Amino acid sequence: MKVTEHIEKSHGKTQFSFEILPPLKGENIQSIFDAIDPLMEFNPPFIDVTYHREEYVYKELDNGLLQKQVVRKRPGTVGICAAIQNKYDVDAIPHILCGGFTQEDTENFLIDLGFLGIDNVMALRGDAVKSETYFKPEKEGHHYASQLVSQIANLNHGVYLDEEVQNNTPTDFCIGVAGYPEKHLEAPSMDSDIYFLKKKIAKGATYIVTQMFFDNSKFFQFVEKCRKEGIEVPIIPGLKPLVTKKQLNLIPHRFNVDLPDDLIREVVKCKDNDQVREVGIEWCLQQSKELVKAGVPVLHYYSMGKSVNIKKIASQVF
Ligand code: FAD
């Protein structure tokens, strides 16, 4: 079932969902099931699975020279989605990127998903590869998520890249896109970011999931701005509990989000990461409760495979 149908069917009741990462190459899929099992009691209508593109690593050779190699550390997004749908009978949402994909790759990826009975996708641009400052699309790939959304929407109308494709069966994907309550890192202003977000909706996306945030007022202001600009689709807040002291610096840098001073002060006082985890979980719990009160359709947690923390929060909210 589509994400938008799950939202309609819940008649205003906030639902629980979460995102997982494929395991590192070489690890077993059991680690994924172990992360999902404890959260199934909260009846997630869908589970997102992130996509991780290739990275460049430099390996030192015997002669001391460095050799550049392309590796994908976390493959398996599609396989994991199929396994989730099969094992749990819950909709799995693969993330799909512009980065690393030609349009042809994208089409074939979508065909695979359709054959597997997956009818939701999260359409994203992806970040620049680690060794580059700016995002670079593939030669025949998309520059922006809005173009990727267009391609998926075209396929939903039976429009394939090759006009000569016969019996062009339409796909039927529900398309989600990313939104940024504190603006995307590269966007010159919030207005500009929302302008392009609106484009993604105009091209065929039907819901938004936000980047994580730690101050609910930023989310409420973002929703207000979106509504003012005529974006009417459901906006799902993304939440993550802070669990280590190091994240005080890592999270703002990596995700372009501010941390509230009250939270920073509490974390700085902590003697170890066990205490930080308690503070982070309590903060996220209070955020969750306020968002439920405000009537958000879904609370979407970035679990990063750490279901113990999410379970502690969900058990007091759902
Ligand atoms: P876009 O919507 O394309 O926007 C990128 C930037 O370009 C923005 O600043 C926007 O304002 C600007 N822009 C858009 N269109 C135009 C235009 N026509 N002209 C000029 N500027 C424009 N990354 C992964 O690698 N894998 C994942 O699984 C993943 N999952 C994510 C899930 C969520 C919910 C979120 C919020 C992010 C996720 N990301 C993931 C990170 C995401 O790929 C990065 O944030 C990326 O830098 C931007 O992706 P986007 O889809 O928002 O891009």
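Residues that are touching an Asp or Glu at 6+ places or on another chain (Cβ under 7 Å), in a loop (DSSP other than H, G, I, E, B) and open to solvent by less than 70 Å² (accessible area, probe 1.4 Å) within region 115-158 comprise 119, 129, 135, listed in sequence order. With respect to residue 282, determine if the residue is over 15 Å from residue 244 (Cα atoms) and at pLDDT 95 or above. Against the criterion (over 15 Å from residue 244 (Cα atoms) and at pLDDT 95 or above), residue 282 does not qualify.
Could you list, in sequence order, all residues of region 256-284 that are out of contact with any strand residue (DSSP E or B) (no Cβ under 8 Å at 6 or more places or on another chain), touching a residue at least 40 places away in the same chain (Cβ under 8 Å) and more than 15 Å from residue 217 (Cβ to Cβ)?
Narrowing region 256-284 to residues out of contact with any strand residue (DSSP E or B) (no Cβ under 8 Å at 6 or more places or on another chain): 258-283.
Going one step further and asking which of them are touching a residue at least 40 places away in the same chain (Cβ under 8 Å), we end up with 258-260, 263, 281, 283.
The answer is 281, and nothing else.
State whether the residues of region 285-299 include one that is assigned to a strand (DSSP E or B) and either touching a helix residue (DSSP H, G or I) at 6+ places or on another chain (Cβ under 6 Å) or open to solvent by less than 10 Å² (accessible area, probe 1.4 Å) (or both).
If we filter region 285-299 for residues that are assigned to a strand (DSSP E or B), which is where we start, we get 298-299.
After this cut, where a residue has to be either touching a helix residue (DSSP H, G or I) at 6+ places or on another chain (Cβ under 6 Å) or open to solvent by less than 10 Å² (accessible area, probe 1.4 Å) (or both) as well, the list is 298-299.
Taking every residue of region 285-299 in turn, at least one turns out to be assigned to a strand (DSSP E or B) and either touching a helix residue (DSSP H, G or I) at 6+ places or on another chain (Cβ under 6 Å) or open to solvent by less than 10 Å² (accessible area, probe 1.4 Å) (or both).
With respect to residue 235, is the statement that it is in contact with a Gly (Cβ under 9 Å, 6 or more places away or on another chain), farther than 26 Å from residue 74 by Cβ and not polar (S, T, N, Q) true? Taking the combined requirement at face value, the residue satisfies it.
Residues that are free of Cβ contacts under 8 Å to residues at least 12 places away in the same chain and farther than 18 Å from residue 184 by Cα within region 129-168 comprise 154, 159, 162, 163, 164, 165, 166, 167, 168, listed in sequence order. Go through region 36-73 and give me each residue that's closer than 21 Å to residue 238 by Cα, in contact with a strand residue (DSSP E or B) (Cβ under 6 Å, 6 or more places away or on another chain) and within 16 Å of the ligand (Cβ to nearest atom). Listed by number, the residues that qualify are 44, 46, 47, 48, 49, 50, 51.
Give 201, 208, 236 a once-over and let me know the one that is farther than 30 Å from residue 277 by Cα, buried (at least 20 other Cβ atoms within 10 Å of the Cβ), within 13 Å of the ligand (Cβ to nearest atom) and not small (Gly, Ala, Ser).
Values: 208 fails: farther than 30 Å from residue 277 by Cα; 236 fails: farther than 30 Å from residue 277 by Cα.
The conditions single out 201.
Just one of the numbered conditions (1) modelled with pLDDT of 95 or more; (2) open to solvent by 50 Å² or more (accessible area, probe 1.4 Å); (3) not β-branched (Val, Ile, Thr) is not true of residue 95: (2). Residues of region 74-129 that are within 22 Å of residue 26 (Cβ to Cβ), within 14 Å of the ligand (Cβ to nearest atom) and β-branched (Val, Ile, Thr): 77, 78, 80, 129.
Restricting attention to strands (runs of 3 or more DSSP E) lying wholly within region 1-80, give those where 2 or more residues are open to solvent by 20 Å² or more (accessible area, probe 1.4 Å), without any contact (Cβ under 8 Å) to a residue 40 or more places away in the chain and under 26 Å from residue 109 (Cα atoms). I'd like the intermediate steps shown before the answer.
On the way: elements: 15-20, 46-49, 55-60, 66-71.
Per the criteria, 66-71.
The residue that is farthest from the ligand (Cβ to nearest atom), among those in region 159-188 that are part of a loop (DSSP other than H, G, I, E, B) and in contact with a Phe, Trp or Tyr (Cβ under 7 Å, 6 or more places away or on another chain), is 168. Tell me, yes or no, whether region 159-182 has at least one residue that is more than 30 Å from residue 114 (Cα to Cα) and open to solvent by less than 70 Å² (accessible area, probe 1.4 Å). Yes, that holds for at least one residue.
The values are calculated or read from the model by the stated rules, or taken from the named source; none is laboratory data. The model shown is predicted, which means the values in this text are computed figures rather than measured ones. Note that each Cβ is placed from the backbone with ideal geometry, even for glycine, and that neighbours are counted across all protein chains shown. Side chains included, ligands, DNA and RNA excluded: accessible areas come from the protein's heavy atoms. Shrake-Rupley method; radii C 1.70, N 1.55, O 1.52, S 1.80 Å.
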